[in-house]
Amino acid sequence: MTPPTLPFREVAGALVPGGDVQSVPGVRVGSAERTAGGWLTGTTAIVAPPGAVAGRDVRGGGPATHETDVLVPGTHSSAVDALVLTGGSAWGLAAAGGVQQGLAADGRGFPAPGLPGAVVPIVPAAAVYDLGRGDGTVRHPDAELGLAAHRAATAASAPLRRGSVGAGTGAFIGRGLLRGGLGSVCLRTPTGRLVAAIVAANPMGDVLEPSGRLHAAGVLSRMGAELPSAPADWVERALEIDSAARRDPSLSAALRESDASGDATRGNTTIAVIVTDAPLDSAQTTRLAQSAQAGLARAIHPSHTLADGDTVFALSTGGAAAGGDAAAIGGAAAGGMSRQPYEPLDPLDLLMLNSAAADALSLAIVDAALSAVPHPAGPQDASEVLHGDGSAGGEPAVPRGTAAARLPRPAALRQIAPELAEAWSRLRADGTASATGSPS
């Protein structure tokens, strides 16, 4: 007997070939990072069209956030001008100030009462912990880096940069076993709505099961896609790639001391933004963020731990006034916070949006893990910059026994599982299961 076609048995959303958050009209993303002179951190700005409504959901036990209370349903205004994902832990939240500077120069923001022409850009932000991952010192994004990310977002249209860039520059996965990164995908629901996700994946947990199968394999299977597994000895391979640092006897001792004190469980967090073109109010947008957290749990194990600061924002552009080009976004006046009238969504449409948000975040996490490039082998001098295309300058030898040499230098997942990375790349580009290989 054929089961009836019901919303919870349908695929919540199909991959948009080559899609990401910029596939949603009116949304622009820019990233900036510092990777020279011992730096390894960055910032990503998601600039919204005027009038976009936002919500948020915080599940982790150690969040680093800014301006999240303004997004609670029932507050004065849930409209935002931009959202920021950044490295640097609580220090890195200063990058939001730079994004505000750029928005204010464009005339974007909440009109300041009694101050003609003055605006207050609303820019909620969340940060991952990546302090010390460049050269063992505290280096974090600041307002200058935030302004650079804003300028990148509002410049001429360009493909979204993914991988070891922006907020994902200094990200780790599995407490330093693999390198994390910035990932993004876009889904289209059966009713034609777009639901996209962008994520900076820096979790304490793993994205692979001990067998090498993706934790998100069930999400992919539901879409009709079967990706190869990583090799069963993926942990050993990851440690071997990291052996240049980990073979140092002093590192082994440091790691044992760190594990005993609990330090190895610190410095994590996965932060994300879900974006949809569906017209949602504040409560519905908040529910979208809450629903997306299930996707985080399907892709990372464990998740939402006391040692993570897992935070998800959601953004609805469906009632926003601006069009999709960068000039419209950058040049909109402060009065652009008004929303266009819209018809309430059908409850089943909302259900599919919530389901698609979870699936989109799961796949964006997969994308972040598989887009990351190999970690620099040592502290970089001023001539070394990790570029947006994943290339890097030369890597100088690091004296054995130095503090910098003892820092973890995680493997990139695509080094360990090239077949998995290639299959994901084809699936993401084509949006169809036929692009994948057979499981290994």
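The values are calculated or read from the model by the stated rules, or taken from the named source; none is laboratory data. Since the model is a prediction, treat every value here as computed from it, not as a measurement. A quick note on method: Cβ atoms are made from the backbone with ideal geometry, for glycine too, and the neighbour counts reach across all protein chains shown. For accessibility, only protein heavy atoms count, side chains too; no ligands or nucleic acids. Shrake-Rupley method; radii C 1.70, N 1.55, O 1.52, S 1.80 Å.
Derived scalar couplings between HN and Hα for segment 295-303 equal x, 4, 5, 6, 9, 10, 9, x, 9 Hz in order, rounded to whole Hz, by the Karplus curve 6.51 cos²θ - 1.76 cosθ + 1.60 (θ = phi - 60°), x for Gly and Pro. Ligands, DNA and RNA are left out, and with a 1.4 angstrom probe the accessible area of segment 91-184 is 35 Å² per residue.
P(r) for segment 271-320, from all Cα pairs and a bin width of 5 Å, is 5, 21, 27, 20, 13, 9, 4, 1 %, short bins first.
Placing a label point 7 Å from the Cα of VAL11 along the Cα-to-Cβ line, the residues of segment 409-433 whose backbone N sits under 19 Å from it are 423-433. Stretching the chain fully between LEU306 and ALA158 yields a gain of 49.5 nm (0.36 nm per residue, less the alpha carbon separation). Peptides 60-72, 274-286 ranked from most to least packed, by the mean per-residue count of other Cβ atoms within 10 Å: 274-286, 60-72. Close amide-amide hydrogen proximity is noted between ALA64 and ALA127, each under 5 Å apart and 5 or more residues distant or on a separate chain (H modeled in the peptide plane; Pro and chain starts excluded).
When peptides 73-79, 201-207, 289-295 are ranked by their average number of other Cβ atoms within 10 Å per residue, the highest-first order is 201-207, 289-295, 73-79.
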